[in-house]
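Shown next, in structure tokens, is the structure this report addresses.
The values are calculated or read from the model by the stated rules, or taken from the named source; none is laboratory data. From a predicted model like this one, the values you see are computed outputs, not experimental measurements. Every residue, glycine as well, gets a Cβ built from its backbone with ideal geometry; the counts of neighbours run over all protein chains shown.
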Amino acid sequence: MKLMETMCDRGHEKVLFVNNEKAGLKAIIAVHNTVRGPAIGGCRLYPYASSDDALFDVLRLSRGMSHKNAAAGLDFGGGKGVIIADPSQKTEAMFEAFAEAVNALGGCYITAEDVNTDCDDALIMARKTKFICGLPHVSGDPSPFTSIGVWQGIKATNKVLNGTDSLDGVKIAVQGIGKVGYDLCQHLAKEGAILYVSNRTNMEPLEKLRDEFGATIVPADKILSQECDILAPCAMGAVVNPDTIPNFNCKAIAGAANNVILDLASGEALKARGILYAPDFIINGGGVINAAGEAAGDYNKEKVLEKVYNIYNTIERILTESQKTGRPEGVIAEEFAEECIWGKR
């Protein structure tokens, strides 16, 4: 990947590569934009196939965080960190070294939990850096707030689809039942949604959802083509791509995963099929809204939840505008976020 060209194309300010052999750490931290304030975004740990794959991911994710934070009205910019490792390789030394790398950026990046990292890992990082949030004694695990925001976004999506935000009898296929996906399914099932659930490996949460709420377990390679009203991707991104779009059997896509759409052409192709799309960086903003409440220095859960529930209104507005104009939802959402970043809203 041509780093400087890619950074310039996407507007990144800084990219830090970290290689600490003693601590077993290989990581990349990307700071996309700090116009609204210090960049905030979690630290993801994932066994990327190559450094290029990790760089591609962190650049997309950090740009998405700029849009996510701005659209949520937060006084923070966007950044992201990725650690290249298998989750089984986690060590305290690794997270301490990552925290020291965060310090090297001088406060322009604030980290937190993300995929395969948790509150315990945040506490380890807090030994070495003050530029961290999501600590268990303050705002804690962000995943419940993410799931609330996605739940509200799905309700708004259904309102635009069917004229009501009631989920009773609505068929929803959820890909990826981790912490966010499981909490989301609980919210949906309690409102009467009919659930189809899938994981690539861990079957235990699927069986719990089946036993408690009557969810139907779907093979991992079939979930994206499952017949449903709303498909909710809650695993890794880029599931909307030229290979998958012809096989979708849903009316809308609204889930917790980041970077759901591979590229602009895929977004246009999805729109051409008449499938609604709730922009991922809007609908999954609950977690960072919670983290930002801590980073701002005066954490108030009630104020955080007020902003999280407002995701409903933002999703409804974007989807309604898309239906009126015929423009892709992701394009409208990015324009909205850019206007928020540069002070035009």
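Conditions (1) at pLDDT 95 or above; (2) more than 15 Å from the chain's Cα centre (by Cα); (3) among the hydrophobic types (A, V, I, L, M, F, W, C), marked per residue:
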site	(1), (2), (3)
ALA232	yes, no, yes
PRO242	yes, yes, no
ASN249	yes, yes, no
ALA254	yes, no, yes
TYR277	yes, no, no
GLU302	yes, yes, no
ILE311	yes, no, yes
GLU316	yes, yes, no
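Among the residues of the stretch 62-81, those identified as aliphatic (A, V, I, L, M) and within 20 Å of GLY107 (Cβ to Cβ) are MET65, ALA70, LEU74.
Counting only strands (runs of 3 or more DSSP E) that fall entirely inside the stretch 20-139 and contain at least 3 residues that are within 16 Å of the chain's Cα centre (by Cα) and either of a type in the set (A, V, I, L, M) or under 30 Å from GLU316 (Cβ atoms) (or both), the qualifying elements are 77-84.
Among the listed residues VAL150, VAL138, VAL174, which satisfies the condition of being assigned by TED's automatic domain parsing to the domain that holds ALA193 and either farther than 30 Å from PRO38 by Cβ or modelled with pLDDT under 95 (or both)? Break it down stepwise before answering.
On the way: VAL150 fails: either farther than 30 Å from PRO38 by Cβ or modelled with pLDDT under 95 (or both); VAL138 fails: assigned by TED's automatic domain parsing to the domain that holds ALA193.
Only one candidate qualifies: VAL174.
Scanning the stretch 239-254 turns up no residue that is assigned to a loop (DSSP other than H, G, I, E, B), basic (Lys, Arg) and surrounded by fewer than 16 Cβ atoms within 10 Å (Cβ to Cβ). Return the residue satisfying two criteria in turn: it lies in the stretch 171-193 and is surrounded by 24 or more Cβ atoms within 10 Å (Cβ to Cβ) and more than 16 Å from the chain's Cα centre (by Cα), and of such residues it is nearest to PHE248 (Cα to Cα). Applying the filter and picking the extreme gives ALA173. Considering the stretch 296-314 alone, what residues qualify as being closer than 18 Å to GLY140 by Cα and in a helix (DSSP H, G or I)? Passing the criteria: LYS301, GLU302, LYS303, VAL304, LEU305, GLU306, LYS307, VAL308. If the condition is being surrounded by 18 or more Cβ atoms within 10 Å (Cβ to Cβ) and either of a type in the set (A, V, I, L, M, F, W, C) or part of a loop (DSSP other than H, G, I, E, B) (or both), then the stretch 223-236 contributes ILE223, LEU224, GLN226, CYS228, ASP229, ILE230, LEU231, ALA232, CYS234, ALA235.
Before we move on, is GLY267 buried (at least 24 other Cβ atoms within 10 Å of the Cβ), touching a residue at least 12 places away in the same chain (Cβ under 8 Å) and either in contact with a strand residue (DSSP E or B) (Cβ under 9 Å, 6 or more places away or on another chain) or assigned to a helix (DSSP H, G or I) (or both)? Before the answer, list the steps.
Numbers: buried (at least 24 other Cβ atoms within 10 Å of the Cβ): no; touching a residue at least 12 places away in the same chain (Cβ under 8 Å): yes; either in contact with a strand residue (DSSP E or B) (Cβ under 9 Å, 6 or more places away or on another chain) or assigned to a helix (DSSP H, G or I) (or both): yes.
No.
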